[in-house]
Structures are given as C-alpha cells and as structure tokens.
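Please read the structure below before turning to the comments.
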Amino acid sequence: MVSRVIPVDTFDLVIFGGTGDLARRKILPGLFRRYCAGQMPPEAQIIGAARSEMTDDEYRAFVREAVDEFGSTPHEPGQFDAFLGRVGYQRVDAKGSDGWEDLGARLRDDAVRAFYFSVGPALFGDLAERLRTFGLATQDTRIVVEKPFGHDLQSARALNRELAEHFNEGQIYRIDHYLGKETVQNLMAVRFGNMLFEPLWNAQHVDHIQITVAETVGVGGRGGYYDKSGAMRDMIQNHLMQLLCLIAMEPPARFEPDSVRDEKLKVIRALDPVEPHHVVRGQYAADENQPGYRAHVEDPRSTTESFVALKAHISNWRWAGTPFYLRTGKMLRARTSEIAVVFKDAPHSIFGAEAGRHRNMLAIRLQPNEGMTLDVTIKEPGPGGMRLVDVPLDMSFADALGPDGADMPDAYERLIMDVIRGNQTLFMRGDEVEAAWAWTDPIIESWARRGDVPKPYDPGGSGPDDALMLMHRDGRRWRDIKA
Ligand code: NAD
C-alpha cells in the first residue's frame, strides 16, 4: 500500500529553542524526513532561534549532526545539502530585544508563518509578547507550544491567559505528541470507521477498559525536571487522559478540530473525582544492577511518584458503571503502550460451568509493533466434550499494510505538517488542558495533604503490588506488561 504525500504550502518555521534537546532529537530530524518524503516544499524555510551566538553555517552543521544521530532517512545525493540550504539561524533573546528585528527581516509575507516554542513554559509569555511587539505575528501566524502546559490548573490558566493576550485560540497549537502517533489516530478510525465495534462500545457490553503506558527507562538525566513533576503530571494529565478521551468519547459529527475537541472535553468533564483508595503511587527502588529513583534526584527523600495506577469512572449514559483503569510508570518490565477493551461475559453459557469463563478482549497496541488483537473464544480442538479456549486474532499494522505501514511519519513530523496545514484536530484546546488539570489537581493535592509516600517497587516488574490489588479487589486483572 503506498501512502500518499500531499505537499503543504510553503512556510517559514522558526524554532525557538532550536539548539535544544527536543529540536535535536525530534523536530529537526522530523523535518528532514518530511523533506525527503516530498511533503516539505523546496522553498520552505527553517530558522533555528536560541540564545547562543551561531552563524547559519554553524547551525547547519548542528542540524546535520542531529539528523545523522537521531533519524536520517534514505535520500538522494545532494538532498541533504538542499535541505540544509533551507535552514538558517538567528540569535534571539526571549527576555530582551536582541535579534528580533533581524528575525523579522528573514520572514516572508507570502509564506505560512509558524513559531515553535521549544523552550520551557516560563518563556511562552515572553515569546508571544515579543512576536506581537516586534510585528512578527500576522493574522494567520501559528504558535506551537510544548508540554508541560502548566503545573496545575492555576498555572495552566495563567499560561492560557498570557498566550490569549497575543494570539487567538485558532492560532495556538498545544502539542501532546501522543495525538500524533499513527495508532492513536487509528483509535478513531477503528471506532468510527467500522460498524463492528461501536454498537458494543458502552457499559452494557464492556466490563472495563485498561490503559497502560509502560517504560523500561528510569528518570536518568531528567531527574531535576521529573522530580518536580512525577508520573501524574508528566503522563496521566496529558497522554493517558488523551487516550482515555479518544476511547470513551461520543462520535463527533465530523473529523474536524472543534467537533473532536468538544467531544473529548465532555469526557474529561464527566470524569468523577477519584477516590483516594482508587489511586496507587509507586517509586522504583534500587536493585543489584542500578540505583533507585532517589539516587537520580536532588532530594534523597523525594516522595515524587514514578508510577501511578488508578481507577476512573465516567458519569454519563454510555459509561456509567464501567471502570477505566489507567497505569503508567518507569523502570517496568517492557516498553509498551496498550489499550484493552474487555467485554462482558456472554449472558448465559450454553456449554455449562465446565466450559469456564471466557471474554472477548480488544487490545490496541500503540507501541511497539502497532496493531490490534481481538481475543475470540473457540472450541479447544480434540475429542471429549466441548472445552473452550480464547485465541487471539492478531493483526500487526506493519504486516497488514506492507512496508509503508511500518514507515509512517513519527508523531512530531505529522504534527508539524498539521500546523502548517492549519489543522488543529490533533492539538489540545485550552479548555481541554484546564479540564484535565481540574481533574488531576485534587488527586495530587490529597497526596500532599496526607503526606502520602509512594510504594517502592522493583525495577523490571509491573509496579507495586497495590496496583495489582486495585484490580484484584474488583475481580479483574491487569494484562501482562510485555513487549
Ligand atoms: P533544552 O534545555 O535542551 O533547550 C532549551 C532551548 O531554549 C535552548 O535552545 C536554549 O538556547 C533556548 N533558550 C533558553 N532560554 C532562552 C532565552 N532566554 N532566549 C532564547 N532562547 C532560549 O530543552 P528541551 O529539552 O529542548 O525542551 C524544550 C521544551 O520542550 C520544554 O518545554 C520541554 O519541557 C519540552 N519537551 C521536551 C522533550 C524532550 O524530549 N527534550 C519532550 C517533550 C517536551
């Protein structure tokens, strides 16, 4: 199957923080891959902007190194140089006036204008203000802001207000890179493109839904940032909430930005407050091979969680009574992201009690090996009565779609192209982000109030035992964490 590449309009993309880690690892290699795929028009211009002094040529060398290290792609001779010919650099001070007029002089009136704020959120307001003051923002200019979008509801509101002083909501693209993943969009295709699932997609037929995002790595060098954040703020409030929204939302009337985002917002607003005993926090301990969480952060008695499991309820007609179990953590057995929709038992077994209990389960794997598995109950082969067994109907998207299925643009590539196209469907709206904080804040506050200490867990496992108990108490079990 050949994927279609539709070139976007020509653009000027300024990357504030163009010398930073995110630019190096994701944004710049992603742009090169879109260039080679023919999606980035040859006249497009990319300008790195940051505090350091650098010439255009020095920045091009930086970009070449970043692309080589973090994700080149097969290309024609000369294509790399042609791409670098579209790259430039401008020193700017986000907090001062240096460089802004020179940056403005590089921009063209007839190109789509986008500014990527790949800097800490403390600079968002300064950048937005200077773009206006120095006349760099046109009516159609887009700004892209990175996570974390605030630390709590209050700070997210303050950020939204700061940006709203200079840009309208239609110009603000808040990135949650999970939404750019091919399989995450496939959630919508599977749900709303098929007749098969949607009639069963409700509390009447679904016993529960579990969402797992597991990492094998620890906090490593990010300890300073992570310790002020923790799994709840870093993962649940954004990535897992977005997955929950897509799996639980009502069908939007159209696949259009506000239709989709309105439905997602309704899900978040219908979430019940979480009972304290429905949340488990964990922190990975040391083992013989590596130090534990606390060795990577400044505070040797840190109580920040590197793992969260919780049970959520959505109070609406579709989902009342069906629990959603969310789980994420670092230093777990395997790197995997998966959503499992576990259906209820058949109302009556004609095969008798000895046939055992069997349930259909649809698992959607977001990574690795993106695909879907549907557990179906069949007869166990052989003579001697009717014994039942659950077997997986397993589909890997890469196998089903051929080589192009395996070579899809990465989340950042897709999202940047969507910014240029002016399509906000896969970006979070301000009210969505605020609603997500309004739900997570009380959980975090209750930990602080109670002086809650996360449960230690062994690296390489599936988190603290209490997380297993969260399900066992309800007569359910988590799916194994495996790659
Ligand atoms: P970084 O510290 O590596 O880079 C920061 C960049 O900002 C540098 O280019 C620096 O020169 C520039 N900068 C800092 N102060 C400036 C000023 N006053 N004026 C102009 N430029 C200034 O940070 P990063 O890891 O690239 O992260 C950037 C943003 O992306 C952050 O908000 C981060 O939370 C978010 N993010 C990063 C990652 C990642 O993998 N690195 C992932 C998700 C989100």
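The values are calculated or read from the model by the stated rules, or taken from the named source; none is laboratory data. This one's a predicted model, so the numbers in the text were calculated from it and none came from an experiment. In this analysis, Cβ positions are derived from the backbone assuming ideal geometry, glycine residues included, and neighbour counts consider all displayed protein chains. All accessible areas refer to the heavy atoms of the entire protein, side chains included, with ligands and DNA or RNA removed. Shrake-Rupley method; radii C 1.70, N 1.55, O 1.52, S 1.80 Å.
Residues in region 125-135 that are among the charged types (D, E, K, R) and either within 9 Å of the ligand (Cβ to nearest atom) or not assigned by TED's automatic domain parsing to the domain that holds GLN45 (or both): ASP126 alone. Taken over region 47-58, the criterion of being assigned to a strand (DSSP E or B) and away from the ligand (no atom under 11 Å from the Cβ) is satisfied by ILE47 alone.
What are the residues in region 136-168 that are within 16 Å of the ligand (Cβ to nearest atom), touching a strand residue (DSSP E or B) at 6+ places or on another chain (Cβ under 9 Å) and either open to solvent by 50 Å² or more (accessible area, probe 1.4 Å) or of a type in the set (Lys, Arg) (or both), if any? If the condition is that a residue be within 16 Å of the ligand (Cβ to nearest atom), touching a strand residue (DSSP E or B) at 6+ places or on another chain (Cβ under 9 Å) and either open to solvent by 50 Å² or more (accessible area, probe 1.4 Å) or of a type in the set (Lys, Arg) (or both), then LYS147 is the only one that fits. Just the residues that are modelled with pLDDT under 95, buried (at least 20 other Cβ atoms within 10 Å of the Cβ) and among the small types (Gly, Ala, Ser), please, taken from region 403-461. If the condition is that a residue be modelled with pLDDT under 95, buried (at least 20 other Cβ atoms within 10 Å of the Cβ) and among the small types (Gly, Ala, Ser), then ALA411 is the only one that fits.
For ARG359, the criteria (1) modelled with pLDDT under 95; (2) surrounded by fewer than 19 Cβ atoms within 10 Å (Cβ to Cβ); (3) out of contact with any Phe, Trp or Tyr (no Cβ under 7 Å at 6 or more places or on another chain) hold in every case but one, which is (3). Starting from region 113-124, keep only residues that are outside any loop (DSSP other than H, G, I, E, B) and more than 8 Å from the ligand (Cβ to nearest atom), then list their pairs with residues that are modelled with pLDDT of 95 or more and open to solvent by 20 Å² or more (accessible area, probe 1.4 Å) whose Cβ atoms are within a distance under 6 Å, requiring at least 6 positions of separation or different chains. So the pair list comes out as ALA114/ARG142.
How many of the residues making up region 216-226 are in contact with a Leu (Cβ under 9 Å, 6 or more places away or on another chain) and crowded, with 19+ Cβ neighbours inside 10 Å? Of the residues in region 216-226, 0 are in contact with a Leu (Cβ under 9 Å, 6 or more places away or on another chain) and crowded, with 19+ Cβ neighbours inside 10 Å. Selection of region 81-101 for residues being more than 12 Å from the ligand (Cβ to nearest atom) and open to solvent by 60 Å² or more (accessible area, probe 1.4 Å) yields ASP81, ARG86, GLU101. Does ARG24 satisfy the criteria of being near the ligand (Cβ under 8 Å from one of its atoms) and either of a type outside the set (Gly, Ala, Ser) or within 17 Å of ALA411 (Cβ to Cβ) (or both)? Against the criterion (near the ligand (Cβ under 8 Å from one of its atoms) and either of a type outside the set (Gly, Ala, Ser) or within 17 Å of ALA411 (Cβ to Cβ) (or both)), ARG24 qualifies. Scanning region 347-355 for residues that are surrounded by 13 or more Cβ atoms within 10 Å (Cβ to Cβ) and either under 27 Å from the mean Cα position of the chain (by Cα) or modelled with pLDDT of 90 or more (or both) turns up nothing.
Go through the residues of region 102-110 one by one and say whether even a single one is among the hydrophobic types (A, V, I, L, M, F, W, C), more than 13 Å from the ligand (Cβ to nearest atom), surrounded by fewer than 19 Cβ atoms within 10 Å (Cβ to Cβ) and under 19 Å from GLU43 (Cβ atoms).
Taking region 102-110 as the starting set, the residues that turn out to be among the hydrophobic types (A, V, I, L, M, F, W, C) are 103, 105, 107.
Cutting the leftovers down to more than 13 Å from the ligand (Cβ to nearest atom) gives us 105, 107.
When the remaining residues are screened for being surrounded by fewer than 19 Cβ atoms within 10 Å (Cβ to Cβ), the result is 105, 107.
Next cut, under 19 Å from GLU43 (Cβ atoms) only: 105, 107.
Yes, region 102-110 has at least one match.
In the set (1) free of Cβ contacts under 8 Å to residues at least 24 places away in the same chain; (2) assigned to a strand (DSSP E or B), ALA61 fails one condition alone, (2).
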